[in-house]
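Here's the structure, in structure tokens; my notes come after.
The values are calculated or read from the model by the stated rules, or taken from the named source; none is laboratory data. Computed from a predicted structure; not experimentally measured. Positions of Cβ are backbone-derived with ideal geometry, glycine not excepted, and every protein chain shown enters the neighbour counts.
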Amino acid sequence: MSQVDDSFDSTAVFARVLSHDLGSLVRTARHLSGYIREDVLRQDLDSAMHALGMLDLRLASLDRFIAELIRFYRAGQRTAQIEEFSVSTLARDVFQRGKFPATAKLQVSASHDLVLTDRTMLKTVLTELVENALVHHPEPDKIVVSVDVSQSQDGRTIIIVRDNGTGLQRLDPHRALQPFVKDTERTNAAGLGLAICKRELEAAGGEICLQAAGNGLAVAVLLPTMADLPSNADRPTIRPLEHDRNGPDLRIV
């Protein structure tokens, strides 16, 4: 099984640099906003406060985008910790920790529930897939997410996560897994959630594929057998960027 797709290398480097530079910009802008509120405002208070409110909203969006860039870059680059655990228990924990309305439902079925894999990796993947249902559902109080766990004939664990949201719309399933790709109507998303899942799973020797599921989306996650698990020695590592000693340190820590 291949490791993280080499075609993402340039994107990862871009994300690393951009996340640092934009992070500095966000911090500076936040300090400036506070300065304006405390020391500058003297006239036309209502207009000034409205403008500052809009600035804060933009900064919050930028902040979320930067966090997604960092998560995308780091996906699949952690040291794996293999352990046995229940997928259904993990799925319920992820759902309960989400910001779902009380009427949202999680349905879990498992004919093969215990797995040996990296728990943190799978938690990241399930969190992205479950929260997709929340982000992309027109009526959040009617969300239904199902998680089915089974085993293939070759011994791999298959986890299928379905939701009843808007589905892929006009997106091709393969293209939807690429970074920064999103449906044109989903302007609040960075388009990195499914790409993060792909990087995490491929680094762990797994796979992910998408398909439309009526009025929603079905995502199949395949986990490798113990014999197919990649070693930590084969995993990519986070390397510091080369930089001028007198310039800024661009490393993500």
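Does region 98-115 contain any residue that is crowded, with 18+ Cβ neighbours inside 10 Å, out of contact with any strand residue (DSSP E or B) (no Cβ under 9 Å at 6 or more places or on another chain) and within 14 Å of L223 (Cα to Cα)?
no
When you scan region 130-153, do you find a residue that is within 14 Å of A220 (Cα to Cα) and assigned to a loop (DSSP other than H, G, I, E, B), even just one?
Yes: one or more hits.
Answer yes if at least one residue in region 60-74 is outside any helix (DSSP H, G or I), surrounded by 14 or more Cβ atoms within 10 Å (Cβ to Cβ), without any contact (Cβ under 8 Å) to a residue 40 or more places away in the chain and touching a helix residue (DSSP H, G or I) at 6+ places or on another chain (Cβ under 8 Å), and no otherwise.
Checked against the condition, which is being outside any helix (DSSP H, G or I), surrounded by 14 or more Cβ atoms within 10 Å (Cβ to Cβ), without any contact (Cβ under 8 Å) to a residue 40 or more places away in the chain and touching a helix residue (DSSP H, G or I) at 6+ places or on another chain (Cβ under 8 Å), region 60-74 yields no hits at all.
Any chance region 217-238 includes a residue that's touching a Ser or Thr at 6+ places or on another chain (Cβ under 6 Å) and at pLDDT below 70?
Yes, that holds for at least one residue.
Does A212 meet the test of being closer than 28 Å to D113 by Cα, at pLDDT 80 or above and hydrophobic (A, V, I, L, M, F, W, C)?
no
Tally up the residues in region 149-167 that are among the acidic types (D, E) and crowded, with 19+ Cβ neighbours inside 10 Å, please.
Result for region 149-167: 1.
Per-residue answers, yes or no, for (1) modelled with pLDDT under 90; (2) of a type in the set (D, E); (3) touching a helix residue (DSSP H, G or I) at 6+ places or on another chain (Cβ under 7 Å):
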site: T127; (1), (2), (3): no, no, yes
site: E139; (1), (2), (3): yes, yes, no
site: V149; (1), (2), (3): no, no, yes
site: Q153; (1), (2), (3): yes, no, no
site: T157; (1), (2), (3): no, no, no
site: N164; (1), (2), (3): yes, no, no
site: H174; (1), (2), (3): yes, no, no
site: P179; (1), (2), (3): yes, no, yes
site: A189; (1), (2), (3): yes, no, yes
